[in-house]
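K.L.:
Below is one structure. I have some questions about it.
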Amino acid sequence: MLLRILIFIVLGLLIYFGVRRIWKDWSGKFNADAEEAKRLARERDRAERQRPDVIELKRDDDGTFRPRDKDDADKRH
């Protein structure tokens, strides 16, 4: 009887730690993939901002985004 209880406890612990390990590996992989996607999106956005055909918008007093004025064009960062 005691041997059966020990076997069930050992099997339960093996299953618990195996599932926990799989969970941590998968969540780490998904988090790494999400960070890589964010990094690639930032790089793409930076590259697109440098293109000459991209129009920068400025928020007006009424909250609407409009193209920058000619005098603000020289103040680009």
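Please treat every number below as a calculation from the coordinates, not as lab data. Quick caveat: nothing in here was measured; it's all calculated off a predicted structure. Every residue, glycine among them, receives a Cβ derived from its backbone with ideal geometry; neighbour counts consider all protein chains shown.
K.L.:
Between a residue in the stretch 42-64 that is β-branched (Val, Ile, Thr) and any residue that is not in a loop (DSSP other than H, G, I, E, B), which pairs come within a Cβ distance under 7 Å, given they are 6 or more apart or on different chains?
P.N.:
Val54/Glu48; Ile55/Pro67
K.L.:
Another question, if that's okay. Whether any residue in the stretch 3-13 is part of a loop (DSSP other than H, G, I, E, B) and loosely packed, with under 10 Cβ neighbours inside 10 Å is what I want to check. Break it down into steps so the answer makes sense when it comes.
P.N.:
Keep residues of the stretch 3-13 that are part of a loop (DSSP other than H, G, I, E, B), which gives none.
No; the residues of the stretch 3-13 include none that is part of a loop (DSSP other than H, G, I, E, B) and loosely packed, with under 10 Cβ neighbours inside 10 Å.
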